[in-house]
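Structure, as structure tokens:
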């Protein structure tokens with residue numbers, strides 16, 4: 001690991017020394033590719049006895065979704081967790097209180113959401129320092145990252161955390177690049193662009209592919225604004241995770257009203273004061289919204305809907321997804337479904353497997 005860390009530092013130093021211009025863009029592109037490969041190697045699990053994640057890190061994913069609380073030590077993650085779940089994470093006004101990943105369950109809207117209080121992430125976690133490797137592995141399994149920040153230190157904390165997460169392949173509030181890459185066994189490289197690119201050219205793409213020893217492939221860049229970083233993300237797709245992030249600023253009772261108002265208006269942002277119990281419930285509601293979950297209620301023929309037992313599905317789910325969630329064998333005998341609610345054109349509507357459901361729909365499955 002030391003050798004990999006040293007190589008990473010050498011490449012980062014060389015990139016800092018290299019001026020960005022047309023003459024150096026190919027060289028910088030290759031350096032970025034090498035850097036991405038080394039960072040992926042650094043974070044790969046190490047084999048052998050005693051190399052596990054450590055106590056508390058093998059937390060099995062449970063419930064309808066998982067939220068990871070990420071932040072520097074003593075920003076209020078543990079206090080927040082204890083306020084919204086039944087779990088009591090040891091909270092104190094000093095750094096590094098949380099030494100293991102502590103799970104809690106948030107019950108909301110009929111859903112059970114697993115909240116994971118990860119140890120305070122520190123600068124250098126992407127280099128494997130401290131518990132950084134384990135923290136990042138746990139964060140990658142989440143459906144939403146809740147970045148808890150100290151409102152009095154917001155600029156430096158947020159920038160450092162974003163850089164750390166980006167360095168390990170976690171892309172916050174981004175979609176995967178609109179680039180098609182298919183690796184083949186023969187035929188050489190075929191590189192094409194749907195529209196004239198602003199930041200890429202065929203030579204740059206070719207050089208990076210060769211550096212990754214990808215000599216036979218088909219590439220179609222559909223986004224004119226795609227960068228070499230985007231292209232490397234496509235090559236390294238197995239080491240990339242695109243996760244929604246909600247920035248939560250705690251301790252807002254220590255800042256002025258004007259600053260608070262500006263913070264609250266930023267995208268993907270919520271504000272609270274755990275100490276004064278202000279805004280905590282608003283953050284819970286934002287968690288639900290960002291997870292994009294929906295509640296459905298099932299109904300048997302001739303009976304009332306089961307409003308006390310919600311079926312939790314993702315937004316854009318279809319009747320087919322609903323069948324899979326209830327039981328995989330249901331599709332084999334599926335005839336049609338009756339739907340009451342916002343997704344129905346008329347109430348009730350008879351629909352097939354492709355019908356998209358909406359939040360709080362009532363669904364009745366009819367078998368053959």
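The table below lists the values:
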| quantity | calculated |
| --- | --- |
| Choice from 187, 169, 110 with maximal GNM fluctuation in the chain (Cα, 10 Å cutoff) | 187 |
| Likely footprinting exposure, 140, 185, fewest C-beta neighbours within 10 Å first | 185, 140 |
| Percent RCO, i.e. relative contact order, over region 293-367, from Cα pairs under 8 Å lying at least 6 residues apart | 38 percent |
| Gain upon complete extension [residue 163, residue 321; 0.36 nm per residue less C-alpha separation] | 53.3 nm |
| Expected 222 nm ellipticity per residue - DSSP helices of 4 or more, -39500 (n - 2.57), all of the chain, to 500 | -9000 deg cm²/dmol |
| Of 24, 85, 298, the one that fluctuates the most in a GNM where the chain has Cα springs shorter than 10 Å | 24 |
| Sequence ranges 323-336, 171-184, 354-367, ranked by mean other-Cβ count within 10 angstrom, highest first | 354-367, 171-184, 323-336 |
| DSSP bridge pairs, the chain: antiparallel proportion in percent, nearest 5 | 50 percent |
| Cα coordinate range in the chain, projected on the principal axes (Å, largest first) | 73, 59, 52 |
| Residue-span extension gain [residue 112 to residue 175] - 0.36 nm each, minus C-alpha spacing | 20.1 nm |
| Cα-based shape type of region 283-368, given that a ≥ b ≥ c are square roots of the gyration tensor eigenvalues and the cut on a/c is 1.5 | prolate |
| Label point 7 Å beyond Cα of residue 218 along Cβ direction - residues of region 176-193 with amide nitrogen under 19 Å | 178-193 |
| Sites residue 3 and residue 201 - FRET efficiency at Förster radius 45 Å, r taken between beta-carbons, to 0.05 | 0.85 |
| Pairwise centroid distance, computed over Cα atoms, of region 217-259 with region 274-334, Å | 27 Å |
| Pairwise label distance in nanometres, residue 190 with residue 309, each label 7 Å out on the Cα-Cβ vector | 5.2 nm |
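Any read-out appearing in this document is the output of simple, stated calculations on the displayed coordinates, not a laboratory observation. Just so it is clear, the model here is predicted, and its values are computed rather than measured. In this analysis, Cβ positions are derived from the backbone assuming ideal geometry, glycine residues included, and neighbour counts consider all displayed protein chains.
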